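Before any comments, here is the structure.
The values are calculated or read from the model by the stated rules, or taken from the named source; none is laboratory data. No experiment lies behind these values; they were computed from the predicted model shown. Positions of Cβ are generated from backbone atoms using ideal geometry, with glycine treated the same way; all protein chains shown enter the neighbour counts. For accessibility, only protein heavy atoms count, side chains too; no ligands or nucleic acids. Shrake-Rupley method; radii C 1.70, N 1.55, O 1.52, S 1.80 Å.
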Amino acid sequence: MIILAVDVDYNGSSATVAGISFSHWDAQEPEDVYLLGVNGIAEYEPGNFYKRELPCIISLLNEYDLSPDIIIVDGYVYLNGVDEPGLGKHLYDALGGKIAIIGVAKRAFKGIDEQYALYRGDSKNPLYITAEGICATKAQEAIKQMSGKYRNPTLLKKVDQICRGKY
């Protein structure tokens, strides 16, 4: 199984998208690291975040000819956990439903039910886990298994640092 965690950092109309791959949920280090600069990024549009981030992720997948089994995005698959599409659902559809997507969001979206909250470590603040192409319960269990004793799993923190040039 190949798991790819992705994150994007913006600087005006350009962005840096990073991806790290690993094959076990409890991996402590990535097996591969991918980094790509993307120009001509759309302006942020409230309620349509995916329009900005989706092209960056697709560009990374195409540039490196990646076809993982699961992609983890920084954000939601479903904004309300059920049927209001977020970045992850748009990515799932763009990939023809062939790759499972897990969304890991750090902030609660209006209307998200507590059943999507995952508490890790000693944190009093949850992560919100939504998914498509994989059972939501299995997605939560997978993120819970990830290495790291803090709220944010080690590899998700690492991909964030890589795209921001801080790793």
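Here are some notes:
- Test: residue in region 84-94 that is within 19 Å of LEU54 (Cβ to Cβ), part of a loop (DSSP other than H, G, I, E, B) and not aromatic (Phe, Trp, Tyr): yes
- Test: residue in region 5-22 that is at pLDDT 95 or above and outside any strand (DSSP E or B): no
So that you can scan it fast, the table gives a plain yes or no per residue for (1) among the polar types (S, T, N, Q); (2) within 15 Å of the chain's Cα centre (by Cα); (3) within 25 Å of GLU141 (Cα to Cα):
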{"site": "VAL6", "(1), (2), (3)": "no, yes, yes"}
{"site": "ASN11", "(1), (2), (3)": "yes, no, no"}
{"site": "TYR50", "(1), (2), (3)": "no, yes, no"}
{"site": "ILE57", "(1), (2), (3)": "no, yes, yes"}
{"site": "ILE102", "(1), (2), (3)": "no, yes, yes"}
{"site": "ASP113", "(1), (2), (3)": "no, no, yes"}
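- With respect to (1) over 19 Å from LEU155 (Cβ atoms); (2) open to solvent by less than 50 Å² (accessible area, probe 1.4 Å), the lone exception for GLU45 is condition (2).
- In region 16-30, residue least open to solvent (accessible area, probe 1.4 Å) [restricted to those that are more than 16 Å from the chain's Cα centre (by Cα) and more than 16 Å from ILE70 (Cα to Cα)]: GLU29
- Verdict on GLY81 being at positive phi, open to solvent by 20 Å² or more (accessible area, probe 1.4 Å), in a loop (DSSP other than H, G, I, E, B) and in contact (Cβ under 8 Å) with a residue 24 or more places away in the chain: no
Here is a yes/no grid of residues against (1) modelled with pLDDT under 95; (2) in a loop (DSSP other than H, G, I, E, B); (3) within 13 Å of VAL6 (Cα to Cα):
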position	(1), (2), (3)
GLY96	no, yes, no
ILE102	no, no, yes
PHE109	yes, yes, no
ASN125	yes, yes, no
GLN140	no, no, no
LEU156	no, no, yes
LYS166	yes, yes, no
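- Taking the criterion of being farther than 17 Å from GLY148 by Cα and either open to solvent by 60 Å² or more (accessible area, probe 1.4 Å) or among the basic types (Lys, Arg) (or both), the residues of region 112-129 that qualify are ASP113, GLU114, GLN115.
- Only one entry in VAL33, VAL38 is part of a strand (DSSP E or B) and either without any contact (Cβ under 8 Å) to a residue 40 or more places away in the chain or open to solvent by less than 10 Å² (accessible area, probe 1.4 Å) (or both), namely VAL38.
- Near pairs, Cβ below 8 angstrom, 6+ apart or cross-chain, from region 50-68 (buried (at least 17 other Cβ atoms within 10 Å of the Cβ)) to any residue that is of a type in the set (S, T, N, Q) and in a loop (DSSP other than H, G, I, E, B): LEU61/SER67
- Flag if GLY88 is modelled with pLDDT of 95 or more, open to solvent by less than 20 Å² (accessible area, probe 1.4 Å), small (Gly, Ala, Ser) and in contact with a Gly (Cβ under 8 Å, 6 or more places away or on another chain): yes
- Number of residues in region 146-166 that are open to solvent by 40 Å² or more (accessible area, probe 1.4 Å) and either of a type in the set (Lys, Arg) or touching a Pro at 6+ places or on another chain (Cβ under 9 Å) (or both): the value is 5.
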